[in-house]
Every structure is written in structure tokens, then in C-alpha cells.
Amino acid sequence: MSGRVRRLSLVSSVALGVIWWLAHSSDNASPLASAGLLAGWVLMPVVLITSLRLPLLKYGLVAPSTLVLCALFLISSNAFPSFGWLALTSGVALGGLMGAWFWFRWAPIPHPLQPHNSRGRITLIAVHVTLILSGTALVALE
């Protein structure tokens, strides 16, 4: 599990940095949204890495996830109908839901989705990543 957490920490550091930079460079991001993304970018990897030593801290991931999602909702509403920001926001929202479901177990996980490498779980992750990458590319091209 520690390998997954380290990988997620690295990926979130890069992805959230790119998203913050795109938002900061955009006319659609308010200072509040930019600050929320910046805070989420800093806090997400810190909480992930710290949770390796103190596993209960994984519940602290709610804070950076919420900051990032709220900031993206603000930007998406200002940029509407930008498909890039909508895709990006949808991808992050799906990631948050999957985190609550698979990591926090806030809802029962059906048996076919319980293995980490199950086809259904990999498909959900692929949709999450595709939405974020395509949204990022579209925003960068705007």
C-alpha cells in the first residue's frame, strides 16, 4: 500500500501543480479559487506522505480534496461553458468519490470491485485519469 500512496503523492503533486498554474494563468480563476488550489496542491502530498507513518491521517485527505474541488467548481462556473474546466472538475470529483468509497469505505464496495486490480476499479481509475488529462489539455489549448 505504501507504494500506491507514494505514487499518488507524486502524481497529485505534479497534476495539482499543473492545474494551479493553468488556473493562475486563466482569467476565470478568482484569487479565492487560486488560493484553494494552491493550498490543495501543498496539502495533498503532505497528508499522503504523513499518513504512511500515521495511518489515521488519511482522513485528513478530505481537506485538500475539498479545497481543490471547491476551487474547480468556482472556476468552472466562471468559465462555463468551457468543456476543459468541466472535464477537469468532473475528473477531480470522481477521484474524490472513489477515495471516499475505496479508501474510507463510506459505502459498501461490491465484491467485483474489491480487488485493487479488478477490471471495474481499473475502469473507474481510467475514466478519472482521462477526464483530468483531457480537461487539462483542453484548458491549456483555450
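Some points to look at:
- So Ser9, is it out of contact with any Lys or Arg (no Cβ under 8 Å at 6 or more places or on another chain), more than 20 Å from His116 (Cβ to Cβ) and of a type in the set (Gly, Ala, Ser): no
- Check on Ala140, in contact (Cβ under 8 Å) with a residue 24 or more places away in the chain and surrounded by fewer than 13 Cβ atoms within 10 Å (Cβ to Cβ): yes
- Checking each residue in the range 93-136 for being surrounded by 13 or more Cβ atoms within 10 Å (Cβ to Cβ), over 13 Å from the mean Cα position of the chain (by Cα) and closer than 21 Å to Gly40 by Cβ picks out Trp101, Phe102, Trp103, Ser134.
- Condition check for Leu8 on (1) modelled with pLDDT under 95; (2) under 18 Å from Leu141 (Cα atoms): one failure, at (2).
- Residue among Ala15, Ala79, Ala71 that is more than 25 Å from Trp106 (Cβ to Cβ), buried (at least 18 other Cβ atoms within 10 Å of the Cβ) and in contact (Cβ under 8 Å) with a residue 40 or more places away in the chain: Ala79
- Selection within the range 82-92 - buried (at least 17 other Cβ atoms within 10 Å of the Cβ) and in contact with a Leu (Cβ under 8 Å, 6 or more places away or on another chain): Ser82, Gly84, Trp85, Ala87, Leu88, Thr89, Ser90, Gly91, Val92
- Residues of the range 1-32 that are more than 30 Å from Pro55 (Cα to Cα) and either assigned to a helix (DSSP H, G or I) or not hydrophobic (A, V, I, L, M, F, W, C) (or both): Trp21, Leu22, Ala23, His24, Ser25, Ser26, Asp27, Asn28, Ser30, Pro31, Leu32.
- In this structure, Leu54 does not satisfy being touching a Ser or Thr at 6+ places or on another chain (Cβ under 8 Å), more than 21 Å from Val11 (Cβ to Cβ) and of a type in the set (A, V, I, L, M).
- From the list Leu43, Leu94, Leu72, the lone residue that is closer than 13 Å to Val139 by Cβ and modelled with pLDDT of 95 or more is Leu72.
The values are calculated or read from the model by the stated rules, or taken from the named source; none is laboratory data. Treat the numbers as computed from the prediction; the structure is a model and nothing was measured. Ideal geometry is used to build each Cβ from the backbone, glycine not excepted, and the neighbour counts take in all protein chains shown.
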